[in-house]
Amino acid sequence: MDATCYAKRREDLRQTLGSGLLFFPGNPLIPRNYPANVYAFRQNSQLLYLCGISRPGIALVLFPEEGRDVLYGPPEDLDDLVWHGPQVALAEFAEAAGISEFRDIAELGPLICDRKARGQKLRYLPPYHERVLTWMSRITGESQEALRQGSCPELARAAVEQRLIKSAAEIAEIEDALEITREMHLAAMRLARPGLRESEIAAAIQEIALRHDRSQAYLPIVTVRGEVLHNCEYGNLLQDGDLMLNDSGAESPLFYASDITRAFPVNGRFDSQQKDVYEVCLQAQLECIDRIRPGITYREVHLHACRVITEGLAQLGLMTEEARFNPAAAVADGAHALFFPHGLGHALGLDVHDMEDLGDIVGYGGEGLRSDQFGLNFLRFARPLEPGHVMTVEPGIYFIPALIDRWRAEGRHQRWIDYDVVESFQGLGGIRIEDDVLVTAEGSRVLGSPIAKSVAEVEDACAT
Ligand code: GLY
Ligand code: MN
Ligand code: MN
């Protein structure tokens, strides 16, 4: 992304909003246990989108009526120089982003107060970071509650419309990240064997990211207890017969995410139960990728996955004959969610769940439109697909003991679920297969080089 690209993004946003002060605070450094011991820094994605500057404590203001942009940042500090070495000057950052004005961040509070007094509206996105909110409150004199309530829906809508459609350069970033992610996934398949700990596989994944001087886009899930959906602990021993679920992805040089999941047998060979369930999940994923094209809603694609899973599990006896012949009714009742309790996927971009900080305006076009049915309520994106959207396609099939026990005790969906057969699959854990897919004018394209996915490919990758 060059200066012209960033300048164009800012200009488009200025044009769309037309008035006010468009205020984009960057992220600060966050202490882990005392102020000088901080977490790895990650810039606010909206700020990255508009200027690409990964530096703590900056802010960007766009002035639509004046047709100019100003970058605010901390002045050069001698202590910083001593402790952190020579810093890239604000002027240099500004130039690389095509911003001609840069100022001391201490000037920002007085500017905002002055403009507000003259009747200009301060427009900003919903703040998700408590520290940023505290700082905004300090410099604007507004209460945190007033700031929370006062974010600008028009700005959020404009940001979503801009960022959902990815340019060729953004696709190239995601594909760049995917090459490293591919290496991470193939290494995990190759290395895993009974007797190792999850942490050893997680370490290999981190080593690959670090060797390429990259961050991971999110805390990786590397576990033999894949039925725990967001399991980010790595203490289990890998045992013969376990399935391992690896959901991990590198970031690109410009901080775009990749997000891939594979499930594979720790001993290198799927047993017949694992293979049967894996094939159902894979069929759902492949058919959904096939259905992706402009105009179809992601809700429809999600419901197709639910249907394939219902039919497949009915064939295996986990769901009833009635479910097999009337999968649409079983899905409408939400019975499949015992096995597939989450959504098919989400938009991907500078955030792994792209713009999730802006709420359901991203995936639903507004608030209050999500289903409250268990399973469907976790579908993050439901609206019609357009060329340039990048979506994850990630169906999963899980055996979650607490959920199975609860539903069985309540006698829930007995018409659709054969709980005795389900019991015989307990212990299988979780399977999810996730790829990152670009919506094209004609249909879709799976991004990145292929990563072992069929049963044969996965077993081969485990054996290499
Ligand atoms: N890696 C998080 C997700 O797949 O949504
Ligand atoms: Mn995902
Ligand atoms: Mn994932």
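Free of any GluC sites (Glu not before Pro) that DSSP assigns to a loop and that have at most 12 other C-beta atoms within 10 Å, the longest stretch within the chain is 77-366. Give the percent of DSSP beta bridges with both residues in the chain that are antiparallel, rounded to the nearest 5. Once the DSSP bridges in the chain are tallied, antiparallel ones form about 85 percent.
Checking every one of the chymotrypsin sites (Phe, Trp or Tyr not before Pro) in region 57-131 against DSSP loop status and a limit of 14 other Cβ atoms within 10 Å picks out Y128.
Taken one residue at a time, the phi angles of region 221-233 give Karplus couplings (6.51, -1.76, 1.60, θ = phi - 60°) of 9, 9, 8, 8, 10, x, 6, 8, 4, 10, 8, 10, 10 Hz. Gly and Pro are set to x. The residues packed around Y234, meaning those with a beta-carbon under 15 Å from its beta-carbon, carry a net charge of -4 if Lys and Arg are +1 and Asp and Glu are -1.
Of the residues Y124, V280, N44, the one whose Cα sits farthest towards the positive end of the charge dipole of the chain is Y124 (charges of +1 on Lys and Arg Cβ, -1 on Asp and Glu Cβ, taken about the Cα centre). For G241, the residues whose modelled amide H falls within less than 5 Å of its own, excluding neighbours fewer than 5 places apart on the same chain, are V266, N267.
The loop-placed trypsin sites (Lys or Arg not before Pro) in region 60-148, going by DSSP, that have at most 15 neighbouring Cβ atoms within 10 Å of their Cβ come out as R118, K121.
In order along region 114-129, the Karplus-derived 3J(HN,Hα) couplings, from 6.51 cos²θ - 1.76 cosθ + 1.60 at θ = phi - 60°, round to 4, 5, 5, 4, 8, x, 7, 8, 8, 10, 8, 7, x, x, 10, 10 Hz, and Gly and Pro are given as x.
Comparing region 331-445 with the 2.2 N^0.38 Å rule of thumb, its C-alpha radius of gyration ratio is 1.23 (two decimals).
Each Cα pair under 8 Å and six or more residues apart adds its sequence gap; the mean of these over the residue count of region 112-158 is a relative contact order of 41 percent. Cα centroid separation, region 416-464 to region 250-315: 5 Å. Residue pairs exceeding 30 angstrom between C-alpha atoms, taken from K8/K116; K166/K453; K166/K275: K166/K275. Each peptide in 336-347, 370-381 gets a packing score, the mean of other Cβ atoms within 10 Å over its residues, and the list from highest to lowest is 336-347, 370-381.
In this structure, the amide hydrogen of L21, modeled 1.01 Å from its nitrogen in the peptide plane, lies closer than 5 angstrom to those of K121, L122, R123, counting only residues at least 5 positions away or on a different chain.
A simple count of charges around R148, restricted to other residues whose Cβ falls under 11 Å of its Cβ and scoring Lys, Arg +1 and Asp, Glu -1, yields -3.
The 3J(HN,Hα) values that the Karplus relation (6.51, -1.76, 1.60; θ = phi - 60°) gives for region 456-464 are, in residue order, 5, 5, 5, 5, 4, 5, 5, 8, 6 Hz. Gly and Pro appear as x. Taking amide H positions as modeled 1.01 Å from N, with prolines and chain starts lacking one, the residues under 5 Å from V437 and 5 or more places away or on another chain are M391, T392, V393, L447.
FYI, it's all coordinate maths here, none of it is from the lab. Treat the numbers as computed from the prediction; the structure is a model and nothing was measured. Note that each Cβ is placed from the backbone with ideal geometry, even for glycine, and that neighbours are counted across all protein chains shown.
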